[in-house]
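> What follows is a structure written as C-alpha cells; I'll ask about it next.
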Amino acid sequence: MKKIISVILCIIITAGCIPALAEGEQLELTCPSALLMEFSTGQILYEKDSHAKLPMASVTKIMTMLLAMEAVDSGKITFDDMVIGSAYAKSMGGSTIFLDEGEQLSVRDILKGIAVASGNDAAVAMGEHLAGSAEGFVAMMNSRAAELGMNDTHFVNCNGLDADGHYSSAYDIALMSRELMKHEDIFQFTTIWMDSLRNGAFTLSNTNKLIRFYDGATGLKTGSTDKAKFCISATAKRDGMHLIAVIMAAPTSKERSADASKLLNYGFSNYGLSEIVKKGEVVGTVHVDKGIEEMVNVVSSEDINILYQKSKRPETKREVIIDEPITAPRLAGERAGEITVSSDGTEIARCPVVFEADVPKMSAAGIFVMIFRKWITI
C-alpha cells in the first residue's frame, strides 16, 4: 500500500522569453556532426547527425582520464603514485610531454600532461600503469564504453592517433564526457590554461583555447589529426547549469572553437536549470510503528534538477509517496518510499526517499509503557 503524505512544493519558473530554435531548424555549424547535452539531467538540447561514427583524435583521452579518475576515486591509485615511462610510451608521435623511458612522474603530473598538453606518451604511460599494458588498457576502455551504452564507439588505442577501426560519435563522446565530469577533481586539470612539469622545466599550454576565452569554460578535451580533422568536447558552467558541446570533424581549429561556442551560447541563452530537490533534503516525516522514535524524517536520495526552456513557464509540483506499512527496525539510507516531480500534470522525475537516521525497534517494555500511556489518556 502506498500513502501520499504531502504535496510539498509548487513552483512557477519564470524567465525572459528567449526564442529557441524552431523544430527542425539548424544552427549554422561548419562541422558535420555535433551534440549539446545538459550535464545533470543528460538531456540533449541540440544534435546534428550525432550518431555518425567518426575518428575522434585526442578526444579519445576522455576515456583514458575517466578510467584514471575512477581508479583514484576507488582508492586503487592516488595522485601521488609514480608512473614510470616505457620505451613504447616514449615512441609515441604527435603531441607529447617528452616522457623518457624510465622517467617517473606522479599520476597528478601525468593527468596534467594528458588534460592540458594532450600528451600521447602520457596517455600510454597512464594506460600501462593501470592495466599493465597498452593493449590491456584498450580492452578496459572498450569494456567501460559498453557499460556506458557507447554503441557507436570502438577504441584501438588510448591516445587517439589515427588507426583503422578507431571511432566514436558525438553522442557517445557526450556520454563519456558526462561520466568523467562526475569526478569533480578532473576540473583541477581541465581548467588549467598554462602550467609546467619537471619543476618548471617543461611548459604546458592548454590545447583548448576556450578555457581562456569562453566565460565559464571548464574543459574538457580537444583532438585533431589529418583523418579526424578538428574535434572537441567543450564544457562550460553558468548559473548552476553545466553544458557539454561536442564537435566532430570541424575544418579548422578556429571553426571548431566557433562551433562549440555557438552550441554553448545556444544552450545558455535558451535553457535554465531549476533545483527542485537536493540530495539529503528532508522531504517529509513518517510514522514508524514500534520504533523508538515515532516520527522520523525521510530525505531525498538524489538531486532532482529540472531543465526548462526559458520561453515557457512550467508549473512544477512534487509529492512524497510512502511505502506502507513502516515498521521498525529501519536503517539510515533504507528506502521509505519515493518522491515524484510533475510539470503541467506530467511526471518528469522520480527518485527514492530514504530514512534520515536509524530507527531501532522499541523493546517489549517500551511497547507496554507506550500502550499504557495511550490507555490512561483515553
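> Only one of ALA125, ALA52 is at pLDDT 95 or above and closer than 25 Å to LEU36 by Cβ. Can you tell me which?
Unique residue meeting the criteria: ALA52.
> Can you find even one residue in segment 296-315 that is of a type in the set (Ser, Thr, Tyr) and assigned by TED's automatic domain parsing to the domain that holds THR41?
No: segment 296-315 contains no residue that is of a type in the set (Ser, Thr, Tyr) and assigned by TED's automatic domain parsing to the domain that holds THR41.
> I've got another one for you. For segment 296-349, which residues satisfy the criterion of being without any contact (Cβ under 8 Å) to a residue 40 or more places away in the chain and under 27 Å from the mean Cα position of the chain (by Cα)?
Selection gives LYS312, ALA332, GLY333, GLU334, ARG335, GLU338, THR340, SER342, SER343, THR346, GLU347.
> In the list VAL156, VAL138, which residue meets the criterion of being in a loop (DSSP other than H, G, I, E, B), in contact with a helix residue (DSSP H, G or I) (Cβ under 8 Å, 6 or more places away or on another chain) and β-branched (Val, Ile, Thr)?
VAL156
Quick grid of which residues meet (1) over 30 Å from ASP226 (Cα atoms); (2) out of contact with any Phe, Trp or Tyr (no Cβ under 7 Å at 6 or more places or on another chain); (3) hydrophobic (A, V, I, L, M, F, W, C):
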residue	(1), (2), (3)
LEU35	no, no, yes
VAL59	no, yes, yes
ILE62	no, yes, yes
GLY75	yes, yes, no
TYR88	no, yes, no
GLY102	yes, yes, no
SER106	yes, no, no
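> While we're on this one: Considering (1) without any contact (Cβ under 8 Å) to a residue 60 or more places away in the chain; (2) assigned to a loop (DSSP other than H, G, I, E, B), say which one GLU293 fails and leave the rest.
All conditions pass for GLU293, except number (1).
> Then there is this: Could you say whether any residue in segment 255-269 is surrounded by 15 or more Cβ atoms within 10 Å (Cβ to Cβ) and part of a strand (DSSP E or B)?
no
> Here are the criteria: (1) surrounded by fewer than 15 Cβ atoms within 10 Å (Cβ to Cβ); (2) within 19 Å of the chain's Cα centre (by Cα); (3) on the phi > 0 side of the Ramachandran plot. Tell me which single one GLN188 does not satisfy.
Unmet for GLN188, out of (1) surrounded by fewer than 15 Cβ atoms within 10 Å (Cβ to Cβ); (2) within 19 Å of the chain's Cα centre (by Cα); (3) on the phi > 0 side of the Ramachandran plot: (3).
> Given the conditions (1) buried (at least 19 other Cβ atoms within 10 Å of the Cβ); (2) free of Cβ contacts under 8 Å to residues at least 40 places away in the same chain; (3) basic (Lys, Arg), report the number of the one that LYS221 does not fulfil.
Among (1) buried (at least 19 other Cβ atoms within 10 Å of the Cβ); (2) free of Cβ contacts under 8 Å to residues at least 40 places away in the same chain; (3) basic (Lys, Arg), LYS221 violates only (2).
> Now, a different point. Of everything in segment 98-132 that's out of contact with any helix residue (DSSP H, G or I) (no Cβ under 8 Å at 6 or more places or on another chain) and surrounded by fewer than 20 Cβ atoms within 10 Å (Cβ to Cβ), which residue is nearest to SER233 (Cα to Cα)?
ARG108
> Continuing with the same structure: Can ASN208 be described as part of a loop (DSSP other than H, G, I, E, B), farther than 16 Å from VAL116 by Cα and at pLDDT 95 or above?
no
The values are calculated or read from the model by the stated rules, or taken from the named source; none is laboratory data. From a predicted model like this one, the values you see are computed outputs, not experimental measurements. So basically every Cβ, Gly included, is an ideal-geometry build from the backbone, and we count neighbours across all protein chains shown.
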